[in-house]
1. Among the residues of region 1-56, which ones are away from ligand 1 (no atom under 13 Å from the Cβ), out of contact with any helix residue (DSSP H, G or I) (no Cβ under 9 Å at 6 or more places or on another chain) and under 23 Å from residue 181 (Cβ atoms)?
2. Going residue by residue through region 13-31, is there one that turns out to be surrounded by fewer than 18 Cβ atoms within 10 Å (Cβ to Cβ), under 25 Å from residue 105 (Cβ atoms) and within 12 Å of ligand 2 (Cβ to nearest atom)?
3. Report yes if some residue within region 108-118 is more than 12 Å from ligand 1 (Cβ to nearest atom) and open to solvent by less than 50 Å² (accessible area, probe 1.4 Å); otherwise report no.
4. Quick check on region 63-99: of everything there that is among the β-branched types (Val, Ile, Thr) and within 16 Å of ligand 1 (Cβ to nearest atom), which residue is nearest to residue 182 (Cα to Cα)?
5. Restricting attention to region 133-158, and to residues there that are open to solvent by less than 50 Å² (accessible area, probe 1.4 Å) and at pLDDT 95 or above, which single residue is nearest to ligand 1 (Cβ to nearest atom)?
6. Under 6 Å by Cβ, and 6 or more places apart or on different chains, what pairs join a residue from region 24-46 that is closer than 22 Å to residue 206 by Cα with one that is acidic (Asp, Glu)?
7. Could you grab the pairs with beta carbons closer than 8 Å, sequence gap of 6+ or different chains, first residue in region 145-171 and free of Cβ contacts under 8 Å to residues at least 24 places away in the same chain and within 15 Å of residue 124 (Cα to Cα), second one open to solvent by 60 Å² or more (accessible area, probe 1.4 Å) and among the hydrophobic types (A, V, I, L, M, F, W, C)?
8. State all residues of region 91-117 that are away from ligand 2 (no atom under 16 Å from the Cβ) and either free of Cβ contacts under 8 Å to residues at least 60 places away in the same chain or farther than 15 Å from residue 9 by Cβ (or both); if no residue qualifies, say none.
Amino acid sequence: MNRIVLLGPPGAGKGTQAKRLSQELGIAHLSTGEMLRSAAAQGTELGRRADGFMSQGQLVPDDLVLGILRDRLRLPDTGRGFVLDGYPRNVAQAESLTEITPIDHVLYFEIPESVLVERLSQRRNCPTCGTVYNLVTQPPRVADRCDRDGTPLVQRSDDSEEAVRTRLGVYREVTLPLLDLYRRQGRLRTVPASGTVDEVAARVRAALQ
Ligand code: ADP
Ligand code: AMP
C-alpha cells in the first residue's frame, strides 16, 4: 500500500510533490495545513482557534490537528493510500500517528535554508482550488490568476518574512528531532529537494521503489 509521509521544512516542495503523487498514484493528498486553512476560511470553531497560531507561524495545538486528521482519514478516498504532507511535526504527533494508521514510506525533503526563504517569499496560492504557484519558478500563465479557475492569487499570511523566520525556528526546534526517530527505525529515505519540480519528482519516485 502507498501510505506516504513527507517530512521537510516549510517551502521544501512537499505540497507541490504531494499533489503530483496523489494524481499519479490515485491516492489522497492530506495536507494538515490546507485542512486548517480551510477551517479558518469557513470560520468554524476549530478554524478560529487555529488561525492565530497559524498566522504567527506557530504550530497549532496537537489535539486540534490530530482531531482533524483522524476525521479525514476516515473518508473513503484514503482506502487506496495517501500522501501526508505537514504531519507529523513533532515527536508527540509521530506517536499519535502510529496509533491511528500504519505508514509504508517516510521521505525527508532535504534542502538548504537559503533556497527555502527564496521560494516562500515568491509563493502564491489559489484561494479557490489550493494550487500552489511561485512567481519565479512556477508562474501562472496569466499574471496573478490561477490557471485552473482564474481566481486572483493570494500570498499566505504566514509567508511574511517574520512568520517565515518563526516557522523555520519551530521546524529546527521541534520537527527536526523527528528525523532521528524515523532514522533509528530504519525508515527514513532522504530526497534532495533542490532542483526543478520534475527532477525532485523523479527522485521521489525512485525513493518509493
Ligand atoms: P511546502 O509544502 O513544503 O511548504 P510548497 O510545495 O508549497 O512547499 O513549495 C514552496 C514554494 O516553492 C512554492 O512557491 C512552489 O511553487 C515552489 N516550488 C516547489 N517545488 C519547487 C522546485 N523543485 N523548484 C522550484 N520551486 C519549487
Ligand atoms: P503548512 O501548510 O504545512 O505550511 O502549514 C501551515 C501552518 O498550519 C503551520 O505553520 C501550522 O501553524 C499549521 N499546521 C499544519 N500542520 C500542522 C501540524 N501537523 N501541527 C501543528 N500545526 C500544523
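1. 1
2. No: zero hits.
3. For region 108-118, residues more than 12 Å from ligand 1 (Cβ to nearest atom) and open to solvent by less than 50 Å² (accessible area, probe 1.4 Å): absent.
4. Filtering first and then ranking leaves 83.
5. 134
6. 28/77
7. 150/142
8. Answer for region 91-117, where residues must be away from ligand 2 (no atom under 16 Å from the Cβ) and either free of Cβ contacts under 8 Å to residues at least 60 places away in the same chain or farther than 15 Å from residue 9 by Cβ (or both): 102, 104, 105, 114.
The values are calculated or read from the model by the stated rules, or taken from the named source; none is laboratory data. Computed from a predicted model, the values in this text were never measured in an experiment. Glycine gets a Cβ as well: all are built from the backbone with ideal geometry, and neighbour counts include every protein chain shown. SASA here: full protein model, heavy atoms, side chains in, ligands and nucleic acids out. Shrake-Rupley method; radii C 1.70, N 1.55, O 1.52, S 1.80 Å.
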